[in-house]
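Report on one structure; see the data block that follows.
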Amino acid sequence: MILTPETRSTVFFLCLLFCPLLLVAQTKPKAPATIQELQAAIENVLKETGTPAVGVALVKGDSTVWVAGLGQANLEKKVQATENTLFRIGSVSKMFVSLAILKLQEEGRVSLKAKVRDLVPEIEYTNPWEKTAPILVEHLLEHTTGWDDMHLADYALNDPALTLKQGLDFLPGTRTSRLMPGTRMAYSNSGPPVAAYIIEKITGQRFEDYIQEQFFRPLGMTTATYFASELYRQRGATLYVNHVPQPYWNISVRPSGAINASPKDMARMLRFFVNRGRVGDRPLVQEASLKRMETPSTTTGARAGLDYGYGLANYSTPYKQFVYRSHSGGVNGGLTDFSYLPAHQVGYAIMINAGNGNALGQIGDLIRRFQTAPFQADSARKKPVEQKLADAISGYYVPINPRVQKMYFQQRIVDVKRLWRSGNFLFSRNLFGGGLETHVAVTDRQYASPETGKISVVQVQDPLAGEVVHVGSLVLMRISPVLAFGQYLLSIIWLLYLLGSVIFGSVWLIRYGRTSRGRKEARNVILWPFLTSLLFVATTILGIIGGQDPMERLGQMGVLSVSALVLSILFALAAVWSGITLIRQRKANVSRTLYWHMAVLSALNILAAGYLTWFGAIGVPSWH
């Protein structure tokens, strides 16, 4: 289970994120050549990033190259991490849901193409396209149901006694298809648990027991568990957010992200994948099933030949000339990276007990450089086709497959992409630079990575949006340059006006606070735009406070979450009233410069309130 910024705070607080992040380039140190050098480099990352501990597993073929725990599993008790320390692996847990479905399919007990409604009619969900585009089992595992991700209230549900069915019944309204199933990938923690419930219904076993019997035990993952067991209490790494220890999170739908596992366990899991489903001489699943797991199939992009993307709880991660098969995971205070190269039979797992993505990324880069150093590239560099192709792709694009619908108001502004052709090369980058990628034309609608040779971009027809572009798991729709730049610049201007009004508003109100008619009119002109801005800032502050512990502070009904909801509504109402007030005061005896500044601010506040309301980000009950 991955806790992204979308799940760490309610949606209407994040307008301040409209400003782009500044990334500082770093010079990479020399690649480690030995395990000793690799260990020293990783320990240096732990020290520099303040990460308490890491569990590491590296495998090659049927051999474990290195398995270890480094650092401190518990800072307060000064407990050292070892190869037997249990870490929380988050969404990597989803891989076992897919493996179980594939195993049952091999046994003829279920099909990836089966309709979910036929298998589990008792599981509530809404799909407006059910007659023409029903939700299939494979959609649950490839995140192509069109469902929203779980809401904060789902994450906040922290009862270890819940059954899987009880967890699924808690907020069934989140399982509503916003997109036509089988067209776009939108990550949702709600899909795999429904697949896990299908497994329970078919096997007559609790999902966790089935996985223990069919996978953990045969793989030798003797300490892996979905629960806060006695063994976990003895060996589990304490998780930290800003060096504050986190309580154990009993995930309401455990199949999506509840597994606790040691580096030793993860080494055995890795060997299973690199040996193509075999444990020793025994195949647990067929290699064909693993290949299906590793192949994105259910989006319109995948059907048009896209190689990059999300398969059955398994996605592609390009690295130089190589393409790892991967899944990451995250819980509050814990991150995991599970990756392997099937062609070279190598893989690694990294688990840290801190929510530091920078540390995880640095360690992953060290391991990949170490691991791929002996290998030749998987494929030769691609050359563009020789004939000149028509350019039907250049332009500005906005994503249209948001993970959390109520966060879409932010994504469609800050994640605008520019695509342009130069000859038969295609380039893509973020609106204001950064994230530059190069692709080469294979056909007039397919583009490949020049490093890996895999199809990385396709242009297809979406049944709802028309002509779109799939770039990996991202689905992009063309917008006009005016909209691309205009919405961003309007946001920046609004924020500057808003913050300026808060800073200077108090001064203005004191200055014009006397009762003379002229000054009273000036005070009336200033008051409502100032209060509107103040309400938005107050709402944002509450969101930031709540985001420090979102499940506890925002995922449940309380003073903070209710206050945030009320303040957001008051912001929208105040924006409208300030506009009405300024119209009424248009002939007031005040400085025209002051009046028009307030009029611009008022108009921007009304636009912002309307925009946020349109995308459902005003009056959000974060506990529901």
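Look through the range 591-622, keep the residues that are in contact with a Gly (Cβ under 8 Å, 6 or more places away or on another chain) and of a type in the set (Gly, Ala, Ser), and return whichever of them is modelled with the lowest pLDDT. Applying the filter and picking the extreme gives 622.
Looking only at the range 572-579, decide whether some residue is surrounded by 15 or more Cβ atoms within 10 Å (Cβ to Cβ), more than 27 Å from residue 503 (Cβ to Cβ) and in the same structural domain as residue 530 (by TED's automatic domain parsing). Looking for residues that are surrounded by 15 or more Cβ atoms within 10 Å (Cβ to Cβ), more than 27 Å from residue 503 (Cβ to Cβ) and in the same structural domain as residue 530 (by TED's automatic domain parsing), one finds none in the range 572-579, hence no.
The criterion of at least 2 residues that are out of contact with any strand residue (DSSP E or B) (no Cβ under 6 Å at 6 or more places or on another chain) and modelled with pLDDT of 95 or more is met, among helices (runs of 4 or more DSSP H) falling completely within the range 133-205, by 137-142, 164-169, 191-203.
Within the range 553-570, at least one residue is out of contact with any Asp or Glu (no Cβ under 9 Å at 6 or more places or on another chain), buried (at least 18 other Cβ atoms within 10 Å of the Cβ) and modelled with pLDDT under 85. Considering the conditions (1) within 20 Å of residue 311 (Cα to Cα); (2) in contact with a helix residue (DSSP H, G or I) (Cβ under 9 Å, 6 or more places away or on another chain), residue 259 is excluded by exactly one of them, (1).
Of all the residues in the range 87-132, those that are surrounded by 14 or more Cβ atoms within 10 Å (Cβ to Cβ), of a type in the set (Gly, Ala, Ser) and without any contact (Cβ under 8 Å) to a residue 60 or more places away in the chain number 2. In the range 282-319, the qualifying residues are those that are charged (D, E, K, R) and in contact with a strand residue (DSSP E or B) (Cβ under 7 Å, 6 or more places away or on another chain), and the one that is surrounded by the most Cβ atoms within 10 Å (Cβ to Cβ) is 307. Of the listed requirements (1) part of a loop (DSSP other than H, G, I, E, B); (2) of a type outside the set (Val, Ile, Thr); (3) at pLDDT 95 or above; (4) in contact with a Gly (Cβ under 7 Å, 6 or more places away or on another chain), residue 221 misses just one: (4).
Taking the criterion of being surrounded by 23 or more Cβ atoms within 10 Å (Cβ to Cβ) and under 14 Å from the mean Cα position of the chain (by Cα), the residues of the range 320-329 that qualify are 327, 329.
Would you please name the residue that is farthest from residue 70 (Cα to Cα), looking only at residues in the range 239-270 that are β-branched (Val, Ile, Thr) and crowded, with 21+ Cβ neighbours inside 10 Å? Out of the qualifying residues, it is 253. Annotation note: Cβ proximity below 7 Å between a residue of the range 577-594 that is in contact (Cβ under 8 Å) with a residue 12 or more places away in the chain and a residue that is acidic (Asp, Glu) and part of a helix (DSSP H, G or I) (sequence gap 6+ or interchain) occurs for 585/521; 588/521; 589/521; 590/521.
Of all the listed residues (295, 336, 372), the sole one being farther than 30 Å from residue 105 by Cβ, of a type in the set (Ser, Thr, Tyr) and touching a helix residue (DSSP H, G or I) at 6+ places or on another chain (Cβ under 9 Å) is 372. Restricting attention to the range 450-463, report how many residues are buried (at least 16 other Cβ atoms within 10 Å of the Cβ) and more than 15 Å from residue 306 (Cβ to Cβ). The total comes to 2.
Any chance the range 338-361 includes a residue that's surrounded by 18 or more Cβ atoms within 10 Å (Cβ to Cβ), of a type in the set (S, T, N, Q) and free of Cβ contacts under 8 Å to residues at least 40 places away in the same chain? The answer is yes; a qualifying residue exists.
Among the residues making up the range 258-281, a single one is in contact with a strand residue (DSSP E or B) (Cβ under 6 Å, 6 or more places away or on another chain), of a type outside the set (S, T, N, Q) and assigned to a loop (DSSP other than H, G, I, E, B): 277. Please tell me if residue 466 is farther than 21 Å from residue 146 by Cβ and surrounded by fewer than 20 Cβ atoms within 10 Å (Cβ to Cβ). Taking the combined requirement at face value, the residue does not satisfy it. Just one of the listed residues (154, 159) is touching a residue at least 24 places away in the same chain (Cβ under 8 Å) and surrounded by fewer than 18 Cβ atoms within 10 Å (Cβ to Cβ), and it is 159. Sub-7 Å Cβ pairs linking a first residue in the range 201-218 that is more than 16 Å from residue 270 (Cα to Cα) and outside the structural domain of residue 270 (by TED's automatic domain parsing) to a second residue that is of a type in the set (Asp, Glu) and not in a helix (DSSP H, G or I), at least 6 apart or interchain, number zero.
Does the range 370-382 contain at least one residue that is part of a strand (DSSP E or B) and surrounded by fewer than 20 Cβ atoms within 10 Å (Cβ to Cβ)? Within the range 370-382, not a single residue is part of a strand (DSSP E or B) and surrounded by fewer than 20 Cβ atoms within 10 Å (Cβ to Cβ).
Residues are listed down the side, and each one gets a yes or a no for (1) without any contact (Cβ under 8 Å) to a residue 40 or more places away in the chain; (2) within 17 Å of residue 185 (Cβ to Cβ):
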position	(1), (2)
456	no, yes
459	no, yes
472	no, yes
481	no, no
492	no, no
499	yes, no
506	yes, no
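For the residues 301, 305, the requirement of being outside any strand (DSSP E or B) and over 21 Å from the mean Cα position of the chain (by Cα) singles out 305.
The values are calculated or read from the model by the stated rules, or taken from the named source; none is laboratory data. Predicted model only: the values in this text are computed from it and were never measured. Backbone-built Cβ (ideal geometry, glycine too); neighbour counts: all protein chains shown.
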